[in-house]
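The values are calculated or read from the model by the stated rules, or taken from the named source; none is laboratory data. Values in this document were obtained by computation on a predicted structure and should not be read as measured data. Every residue, glycine as well, gets a Cβ built from its backbone with ideal geometry; the counts of neighbours run over all protein chains shown. For accessibility, only protein heavy atoms count, side chains too; no ligands or nucleic acids. Shrake-Rupley method; radii C 1.70, N 1.55, O 1.52, S 1.80 Å.
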Amino acid sequence: MAPYPHLFSEWQIRNTTIKNRVVFPPTCPSFVSDPWDALFTDMATAYYRERAQGGVGLIIIGATHVHRSSIMAPLLMPQLFDDRQIEPLSRIAEACHEEGCKLAIQLWHSGVRGFPTFKQEPAYDPDATWYTVSPSQVPLGEFPAGSIPKELDEDEIEEILSAYASAAARAAAAGLDGVEFHLSHGYLPWQFLSPLYNKRTDRWGGSYENRLRFPVEALHRIRAAIGDEMFLGYRINSTSFWPGDLELEDVKGIVADLERQTDIDYVDVSAGVHHAFIHTPMEFEPGWEKGYAHEIRDVSSKPVLLVGRITTPDVAENLLAEGHADAICLARQLFTDPAWAVKAQEGREDDIRRCVAANFCWKSVSRGGRVQCVYNPEIGREGTWGALTTVADPKRVLVVGGGPAGLEFARVAAARGHGVVVLEAEEQAGGHARLQALLPSRAEYGLIGEWLANQAQKNGAEIRLSSPVTAETLDGVLEAEAPDHVVVATGSRYRGDGFQGWTAEPLPGHENGHCVPWTDVVTGRSEPTGSVVVLDDECSVVAPLTAVALADAGASVTLLTRWPMVGLDTILDVYLDWILPKLYRSGVEMVTDHFVRSIEDGSLTIYNVHDPEQERSLPGDWVVMVTARASENSLHPLLKERGLSCELIGDAAAPRGTYEAVYEGHRQARKI
């Protein structure tokens, strides 16, 4: 018997047989030419082929504009409002079909969420609309100065409905197996459906029947455009998690009514209109949406698709076996490991690179880039890099440092046939990923270092822990290892003196107080008590969660930042919405717009950065620094002096994030 009999069983959507129940659901299909023409590129073809090769049964290309009024900054999204898209889309369909995978595409209109910045580009159509559209003039509640849309009139509604039909016809012309109607996450069809957004009194609003009219009419027209052979599904959020919006009982009624009134073939269930719930954090239980999907399945006779932080095949199998859904959607997980299904089917679960829900994927597209993964650097580069090749002339490679950069270099270089030894100074490998995993609710982040180390060793690399290399021991190490090439991946360290870019100096008096970097706190080297100030110049998850850990341990904690809010850099990866409740519950005092003038014994003098004459004293028996980092790279010039082939990668070159470290390790290991 197959190890996962439910997961790898065939199933049917309308006339289409799908080989297994692993679905790559609608995600951000950002591999397009530009935001305006938005044509799929060769990069997109390679990207979807890679996931089809990885064993996925069904791919649903995500949010695809049906009308130019939907163009939405800052996201790079494809379109189906132009016949020019048929040919590039057909190449994707052909690639997926060659790998035995079925393909659908999600038809989308952003509505009030369609920020018009791209349409304001001077080189774009000067007659483009510089506003968003929606059923009613309800401001978008998720952002300050929320976009106030133009209320759609009857002719505009008709034009958009016709656009759904035309887009569906183009999908059929491109040879796809099906289409999906995007009826979720607060976009235009949901805006018609929800009384939160729809305040109309005509036939498109008011009563439930009138609010249902737009999605029903759109589904009728899509079905007419694609005929009887192709399948048609829709995505809907089971609940909104937003006050005044539709919740589970409302949605169950909608699902039942849509099934009675339209010719649909499946229901793709998600949750939330806000991205905090669409891209849930790593602390959420795997398969957390199962209860919602199960209730939808209870009122539908059609297949139900389930999503929600599912990263392992045993969880996926159990969700199916327990009757929560008919198929499993792996979104972020298939960014991280496109070969998930093949590995699961072959019993290689330990080889699966598990998504840690860092949400770098959403952050990358939210700032206008293409979707990326915090520790899969091959995403989007499948066609450029191709598969790893074995070298004809293997080398002896010494990697100094077992953080993300060094481990990824070791993993890839060993896979290509090189002899690799990694020397790590600490008792555990993982570098900054291991340290961050010591923070509250961040344990999953440690999987990055664990997976990289395990895979490097499986590929033949040797990892030696508690093996520091110093200037004094360097020659002995070189003599013992006799490397052909040395990689310095010794990372960076957080400074304990408060050095940062505001003053470009250590903080005055740092030597007077108990001033330590946050890394000393999480590793237990320091145990601050009493009144503790956490100084946050980084605005990542680190300082807030360090403050929470200290407060929960009994300290009186102040989180101090010169920025206008804490966690500023966590907005785009939607962690801010999960960090702030922890801070409030833990009783952490948050002081923004202030910086340290000086540190005295047991107190700090701080000042308002916008009115520096305003000063006050803050108690601080300890000061925990989340400020600048410094590269640890003293070995590199010593190696160059000795005339050795060597290079510097990751934080040892310049302190950055996990994504950059892993990318550099991977890229350089392909070159050697």
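The table below lists the values:
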{"quantity": "ALA392 vs. criteria more than 17 Å from PRO29 (Cα to Cα) and buried (at least 19 other Cβ atoms within 10 Å of the Cβ)", "calculated": "no"}
{"quantity": "Filter result (under 29 Å from PRO581 (Cα atoms), open to solvent by 10 Å² or more (accessible area, probe 1.4 Å) and not in a helix (DSSP H, G or I)) within the range 413-452", "calculated": "ALA437, LEU438, PRO440, SER441, ARG442"}
{"quantity": "Restricting the range 49-71 to residues that are within 20 Å of the chain's Cα centre (by Cα) and among the charged types (D, E, K, R), the residue that is least open to solvent (accessible area, probe 1.4 Å)", "calculated": "ARG51"}
{"quantity": "Residues located in the range 361-389, provided they are assigned to a helix (DSSP H, G or I) and crowded, with 17+ Cβ neighbours inside 10 Å", "calculated": "CYS361, TRP362, LYS363, SER364, VAL365, SER366, GLU382"}
{"quantity": "Single residue of the range 17-31 satisfying the filter (assigned to a loop (DSSP other than H, G, I, E, B) and either closer than 13 Å to LEU103 by Cα or open to solvent by less than 10 Å² (accessible area, probe 1.4 Å) (or both)) that is modelled with the lowest pLDDT", "calculated": "PRO29"}
{"quantity": "The range 1-24 residues that are more than 18 Å from LEU176 (Cα to Cα) and without any contact (Cβ under 8 Å) to a residue 40 or more places away in the chain, paired with ones that are of a type in the set (S, T, N, Q) and in a strand (DSSP E or B) (beta carbon under 8 Å, 6 or more apart)", "calculated": "GLU10/THR17"}
{"quantity": "Test for SER134: is it within 24 Å of ILE86 (Cα to Cα), at pLDDT 95 or above, of a type in the set (Ser, Thr, Tyr) and touching a helix residue (DSSP H, G or I) at 6+ places or on another chain (Cβ under 8 Å)", "calculated": "no"}
{"quantity": "Filter result for ALA46 (aliphatic (A, V, I, L, M), over 30 Å from ASP125 (Cβ atoms), open to solvent by 10 Å² or more (accessible area, probe 1.4 Å) and not in a loop (DSSP other than H, G, I, E, B))", "calculated": "yes"}
{"quantity": "Residues satisfying the stated conditions in the range 593-602, i.e. at pLDDT 95 or above and out of contact with any Asp or Glu (no Cβ under 7 Å at 6 or more places or on another chain)", "calculated": "ASP593, HIS594, PHE595, VAL596, SER598, ILE599"}
{"quantity": "Single match in ALA551, ALA547 (criterion: surrounded by 15 or more Cβ atoms within 10 Å (Cβ to Cβ), farther than 30 Å from ARG367 by Cβ and in contact (Cβ under 8 Å) with a residue 24 or more places away in the chain)", "calculated": "ALA551"}
{"quantity": "Failed criterion for PRO116 (all others in (1) farther than 19 Å from LEU161 by Cα; (2) touching an Asp or Glu at 6+ places or on another chain (Cβ under 7 Å); (3) surrounded by 15 or more Cβ atoms within 10 Å (Cβ to Cβ) hold)", "calculated": "(2)"}
{"quantity": "Top-ranked residue of the range 241-255 - restricted to ones that are closer than 17 Å to SER300 by Cβ and under 28 Å from the mean Cα position of the chain (by Cα), ranked as most open to solvent (accessible area, probe 1.4 Å)", "calculated": "LEU248"}
{"quantity": "Count of residues meeting criterion [touching a residue at least 40 places away in the same chain (Cβ under 8 Å) and among the basic types (Lys, Arg)] in the range 569-609", "calculated": "2"}
{"quantity": "Wholly enclosed helices (runs of 4 or more DSSP H) of the range 120-237 bearing at least 2 residues open to solvent by 50 Å² or more (accessible area, probe 1.4 Å) and either touching a residue at least 12 places away in the same chain (Cβ under 8 Å) or closer than 27 Å to ILE278 by Cβ (or both)", "calculated": "154-173, 208-226"}
{"quantity": "Residue match in the range 279-290 (condition: within 22 Å of GLY186 (Cα to Cα), under 20 Å from the mean Cα position of the chain (by Cα), at pLDDT below 95 and assigned to a helix (DSSP H, G or I))", "calculated": "no"}
{"quantity": "For ALA630: the one exception among (1) open to solvent by less than 30 Å² (accessible area, probe 1.4 Å); (2) small (Gly, Ala, Ser); (3) in contact with a His (Cβ under 6 Å, 6 or more places away or on another chain)", "calculated": "(3)"}
{"quantity": "Residue check for VAL356: in contact with a Leu (Cβ under 6 Å, 6 or more places away or on another chain), open to solvent by less than 60 Å² (accessible area, probe 1.4 Å), in a helix (DSSP H, G or I) and not small (Gly, Ala, Ser)", "calculated": "no"}
{"quantity": "Among the residues listed as THR529, THR490, the single one being open to solvent by 40 Å² or more (accessible area, probe 1.4 Å) and closer than 30 Å to ALA461 by Cα", "calculated": "THR490"}
{"quantity": "Filter result for the condition that a residue is modelled with pLDDT of 95 or more and in contact with a Gly (Cβ under 7 Å, 6 or more places away or on another chain), over ALA630, ALA661, ALA654", "calculated": "ALA661"}
{"quantity": "Residue in the range 495-502 that is crowded, with 19+ Cβ neighbours inside 10 Å, touching a Cys at 6+ places or on another chain (Cβ under 6 Å) and not acidic (Asp, Glu) present", "calculated": "yes"}
